[in-house]
1. Name the residue, out of 245, 213, that is in the same structural domain as residue 524 (by TED's automatic domain parsing), closer than 24 Å to residue 170 by Cβ and either surrounded by 23 or more Cβ atoms within 10 Å (Cβ to Cβ) or touching a helix residue (DSSP H, G or I) at 6+ places or on another chain (Cβ under 7 Å) (or both).
2. I'd like to verify a number: residues in region 538-587 that are part of a helix (DSSP H, G or I) and surrounded by fewer than 23 Cβ atoms within 10 Å (Cβ to Cβ), how many?
3. Would you say residue 355 is assigned by TED's automatic domain parsing to the domain that holds residue 304, on the phi > 0 side of the Ramachandran plot and touching a residue at least 60 places away in the same chain (Cβ under 8 Å)?
4. Give the residues of region 395-408 that are closer than 25 Å to residue 347 by Cα and touching a strand residue (DSSP E or B) at 6+ places or on another chain (Cβ under 9 Å), sorted by residue number.
5. Select from region 79-104 the residues that are in a loop (DSSP other than H, G, I, E, B), touching a helix residue (DSSP H, G or I) at 6+ places or on another chain (Cβ under 7 Å) and at pLDDT 50 or above and list them in ascending order.
6. Filter region 437-461 down to the residues that are under 18 Å from residue 185 (Cα atoms) and in contact (Cβ under 8 Å) with a residue 40 or more places away in the chain, then identify the one that is surrounded by the most Cβ atoms within 10 Å (Cβ to Cβ).
7. If I ask for residues that are closer than 14 Å to residue 486 by Cα and assigned to a helix (DSSP H, G or I), which ones from region 423-452 would you list?
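The values are calculated or read from the model by the stated rules, or taken from the named source; none is laboratory data. Remember, it's a predicted structure, so these values are computed and weren't measured experimentally. Please note: Cβ atoms are built from the backbone with ideal geometry, for glycine as well, and neighbour counts cover all protein chains shown.
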């Protein structure tokens, strides 16, 4: 029997909140409405000080559910025990926060410009990624926030540059360090919380020291003007990850009087690329990395979007100026028709029709089934629409027949609306950085341009597959990717994972010892969509690094499907319904 939140196996009496004990908890094994408060060692102590009451009967139900899973329980659950493994989970600062102000890293230009105490933040008051309105749903503990700069200078056109960073140093430290990856073209310091792929409890709430950075320039998320400055471009491409890691670790050691025992990285999109970069260029600096939807070769992914955009534009209605509007290639009714047809063809392959396609490899959707036999109606597609759909999702090939960027998978979220990054059909495959409309496209020319681009070469982390040094010291690397991602095809991440595994001893060895990949049906770019998009890979990677428990699966849930949970199985496996049991419960599924 799995012990949840310290409850005994016999009578489930409340156990003392002893964070030296080993405690595990499923990430989201019950519904969003009935979900227990997510607990970590740091959060337990923090809430105990606040006099909070644990919702134990919900954990009993969760225990019963998870005990029935046909997976290895120690792997299937998302353990939070590493945050409570020993007394290191309660390390107090050796200095006062204000004493960090003005600190300079020996042998470096890194300087702490400001250090201030941050009080406890109640649930729902902190935005992890402003200006997005979403907030952290748990309390954040008091911490010392140290802001600093590295390599401050005046660059091109007299503009001031520096690598800005912020380190959050919790009052009760668990002995771990986490680098929080960025997004877009960076340009701002997001709150150092460690929220990506951490379920509902970010790393800071667990007691991690967390660093965030702007990667060397200041500007809007897709403001590329900094690329005119050589050093700023190089810092964005790769150098800032190493520089910030060294500076932040030095600050952590100085503040607590001892270095971090373990170092982790989590990030998505650009942060996912930075995570790959960390494993390849700085293999000795990290023990565990979680890389989501990595923007690993944006030159090629932009060709993929341009290809789909051009396919839609060629048949799209035109605006008053005569310019195509690819977002209107399919009406709302037609987008729903396409989504329903994809589900009709593929949803039941995982054993249950539930609006999510877990067995994507078995999906054989052909848009031709939607072709109108007679007059055009809202219940069929005109032949040019069918052809455009096939062409767009197939992905671009050059004149030699080589695939320049992988296809986009047929998935339930391809027409997602009402989210920060809508589905590929909803936007007409519009890129966040490229032209809004491609009337035509020359794949060879675009590919040559990408291959000749110094920036694309520097930011491309897809070509480097030799991770022998990182894996050699026990480093673990987890990938995740939303199957409905409209910017980066999930198949590109799968392609890299397979190539990396082949060059690192073979898939069987890599899956056993070093790296796993998790695909999230219905999820868009990094999060959101009609998907089970809340899961805790941070605990999974910590467990693998520190306890040797490789994650066969993690439990996912989400507000789009209240009351539902599913295992996200490590690729190439998928969640398959057992044929009996509650189809809304992860208990009723196995990895096959």
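1. Residue meeting the stated conditions: 213.
2. Total satisfying the criteria: 4.
3. Working: assigned by TED's automatic domain parsing to the domain that holds residue 304: yes; on the phi > 0 side of the Ramachandran plot: yes; touching a residue at least 60 places away in the same chain (Cβ under 8 Å): yes.
Criteria met by residue 355.
4. Result: 395, single match.
5. 93, 94, 95, 103
6. 461
7. Those that are closer than 14 Å to residue 486 by Cα and assigned to a helix (DSSP H, G or I): 424, 425, 426, 427.
Yes/no per residue for (1) crowded, with 23+ Cβ neighbours inside 10 Å; (2) farther than 19 Å from residue 410 by Cβ:
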| position | (1), (2) |
| --- | --- |
| 260 | no, yes |
| 269 | yes, yes |
| 282 | no, yes |
| 287 | yes, yes |
| 312 | yes, no |
| 315 | no, yes |
| 329 | yes, no |
| 336 | no, no |
